[in-house]
Amino acid sequence: MPVSAVGVSHHLIPLEDLAQLGQVTQPALAELDAAGLPGLVLLSTCNRFEVYFESESFHRGLELVLGALRRSLPERHRALVDQFQVYAGEGAVQHLLEVTSGLDSMVVGEAEIIGQVREALAMSGERASASLHRLFHAALTTAKAVTSQTDLGAAGRSIAQVGLDLVEQRHFALAGRTTLVVGTGSYARVVTAALLRLGCTDIRVYSASDRAARFAASHPVQPVPVDGLTGALAAADLLVTCSGSEGSGGAGIDAELLTTARSGRTALLPVLDLSLSGDVAADAADLLFVDLIDLEEIGAHAPAGQTASVLAARDLVGRGVETYLHLEQGRAATPAVTAMRAHVSHYIEREIEAAARRYDPETAAAVARSLRRVSNALLHTPSLRAAELARSGELADYSHALQTLFGIEVEADA
């Protein structure tokens with residue numbers, strides 16, 4: 001069954017609309033489960049919201065997926081589904097490999113997308129069919145090749161890194177400064193690593209859901225108690241928020257909280273809000289002592305990928321698509337090859353059993369080895385030919401020949 005995809009990204013809709021889609025992940029999965037598709041994977045990041053799925057009929061599958069997504073959204077946001085792009089067959093393969101390689105990201109070549117794709121596959125559990133597993137692993141393999149063989153992601157750039165670079169350009173070097181990170185999810189890990197690379201070692205972490213201590217157990221940071229947010233804000237030189245879906249409404253950082261916390265300080269506070277839904281209230285941006293840098297601004301300052309690196313990455317993606325399609329098309333021959341080998345094996349095993357009755361164990365074992373070696377040699381070329389015919393669309397003639405010559409019935413692949 002062919003793989004298709006539908007989705008939308010930062011290229012098409014504002015980030016606040018992407019945030020609305022990100023908030024209905026669980027209802028969307030429930031609706032998609034009810035649709036009864038053979039396989040699906042949902043990929044939701046700050047850059048995109050996409051569903052990759054398998055279906056016996058493309059148009060029927062597309063109808064089921066779009067209908068499920070529409071039902072999962074509040075009525076006022078259902079029109080977002082009308083803006084989804086559709087990718088079918090080879091187009092879906094090409095798109096996923098480009099996405100995973102960072103070619104379609106807000107920051108071209110970003111480092112974290114590989115982990116997000118890997119996590120999406122892992123979180124899909126039994127929803128992901130065998131063919132979707134193969135496709136996603138092909139995408140991850142291609143992305144690793146892009147990372148290691150081109151300069152596209154050589155610097156390990158990410159949305160967090162671009163944001164921190166903006167802070168340093170506008171205000172001060174982060175080495176030796178105190179940073180408060182709000183959130184303990186995957187983005188908090190990326191932020192912590194980026195801060196450490198910049199020489200910022202005084203990192204304090206706050207979690208509205210009281211996960212800071214657990215995060216600090218595996219990262220070089222200081223946990224902030226749940227009731228210690230105000231004090232931590234007062235001591236911070238930089239605030240980075242990335243709680244995402246960790247808690248409803250994030251940490252509730254608004255103008256009132258910041259004004260109270262910073263009442264004894266005159267220094268300007270850079271605030272880097274990396275949450276798609278926005279952890280920092282809009283009124284905080286109006287405060288004279290706050291410089292709020294959100295995802296929209298980061299996207300506007302994201303460096304364009306170097307032309308040579310992008311071209312090299314696209315070449316690797318093209319080769320990755322060709323390899324994946326080559327292997328998948330060859331898989332169509334599996335039922336025919338399996339049936340042929342089973343037919344021959346039946347006679348070989350019967351002769352081996354006869355030899356075991358006729359000869360001593362050592363001789364019988366030698367006869368068995370010889371018969372299996374000969375059968376494997378004889379079947380090698382027909383097996384390769386079956387895969388070649390599958391790729392050229394001529395496998396039906398091969399299957400018909402097996403039935404005519406040997407009476408072998410080839411069952412359709414499940």
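Odds and ends about this structure:
- Remark: pairs (first residue in the stretch 98-116, over 20 Å from Ala188 (Cα atoms) and acidic (Asp, Glu); second residue open to solvent by 20 Å² or more (accessible area, probe 1.4 Å) and not in a loop (DSSP other than H, G, I, E, B); Cβ separation under 7 Å; 6+ apart in sequence or on different chains) = Asp104/Glu98.
- Whichever residue in the stretch 19-35 is touching a residue at least 24 places away in the same chain (Cβ under 8 Å) and loosely packed, with under 15 Cβ neighbours inside 10 Å and, among such residues, is nearest to Val93 (Cα to Cα): Asp33
- Filtered residue count, the stretch 1-18, keeping only those that are open to solvent by less than 10 Å² (accessible area, probe 1.4 Å) and either without any contact (Cβ under 8 Å) to a residue 24 or more places away in the chain or in a helix (DSSP H, G or I) (or both): 1
- Here Leu272 meets each of (1) surrounded by 14 or more Cβ atoms within 10 Å (Cβ to Cβ); (2) farther than 21 Å from Gly22 by Cβ; (3) touching a strand residue (DSSP E or B) at 6+ places or on another chain (Cβ under 8 Å); (4) not charged (D, E, K, R) with one exception, condition (2).
- In the stretch 105-117, the condition of being touching a strand residue (DSSP E or B) at 6+ places or on another chain (Cβ under 8 Å) and either assigned to a helix (DSSP H, G or I) or surrounded by fewer than 20 Cβ atoms within 10 Å (Cβ to Cβ) (or both) is met by at least one residue.
- Filter result for Glu63 (charged (D, E, K, R), surrounded by fewer than 20 Cβ atoms within 10 Å (Cβ to Cβ), outside any loop (DSSP other than H, G, I, E, B) and more than 21 Å from the chain's Cα centre (by Cα)): yes
- Selection within the stretch 77-104 - more than 21 Å from Gly320 (Cβ to Cβ) and in a strand (DSSP E or B): Val86
- Looking only at residues in the stretch 281-295 that are open to solvent by 20 Å² or more (accessible area, probe 1.4 Å), aliphatic (A, V, I, L, M) and outside any loop (DSSP other than H, G, I, E, B), the one that is farthest from His171 (Cα to Cα) is Ala282.
- Residues located in the stretch 164-178, provided they are under 32 Å from the mean Cα position of the chain (by Cα) and either surrounded by 15 or more Cβ atoms within 10 Å (Cβ to Cβ) or of a type in the set (Asp, Glu) (or both): Leu164, Asp165, Leu166, Val167, Glu168, Leu174
- Any hit, the stretch 22-34, residues being in contact with a helix residue (DSSP H, G or I) (Cβ under 8 Å, 6 or more places away or on another chain) and farther than 19 Å from Arg78 by Cβ: yes
- Of all residues making up the stretch 357-384, the number that are assigned to a helix (DSSP H, G or I) and exposed (fewer than 14 other Cβ atoms within 10 Å of the Cβ): 16
- Positions within the stretch 182-197 being surrounded by fewer than 22 Cβ atoms within 10 Å (Cβ to Cβ), in contact (Cβ under 8 Å) with a residue 12 or more places away in the chain and more than 15 Å from Leu238 (Cβ to Cβ), in sequence order: Gly185, Ser186, Arg189, Val190
- Unique residue being touching a residue at least 40 places away in the same chain (Cβ under 8 Å) and open to solvent by 30 Å² or more (accessible area, probe 1.4 Å) when the list is Val41, Val86: Val86
- Of all the numbered requirements in (1) free of Cβ contacts under 8 Å to residues at least 40 places away in the same chain; (2) under 21 Å from Ala34 (Cβ atoms), Lys144 misses one, and that requirement is (2).
The values are calculated or read from the model by the stated rules, or taken from the named source; none is laboratory data. Just so it is clear, the model here is predicted, and its values are computed rather than measured. Methodologically, a virtual Cβ is constructed for each residue, glycine included, from the backbone with ideal geometry; neighbour enumeration extends over all protein chains shown. Each accessible area value is taken on the protein alone, full model and side chains, heavy atoms only, with ligands, DNA and RNA left out. Shrake-Rupley method; radii C 1.70, N 1.55, O 1.52, S 1.80 Å.
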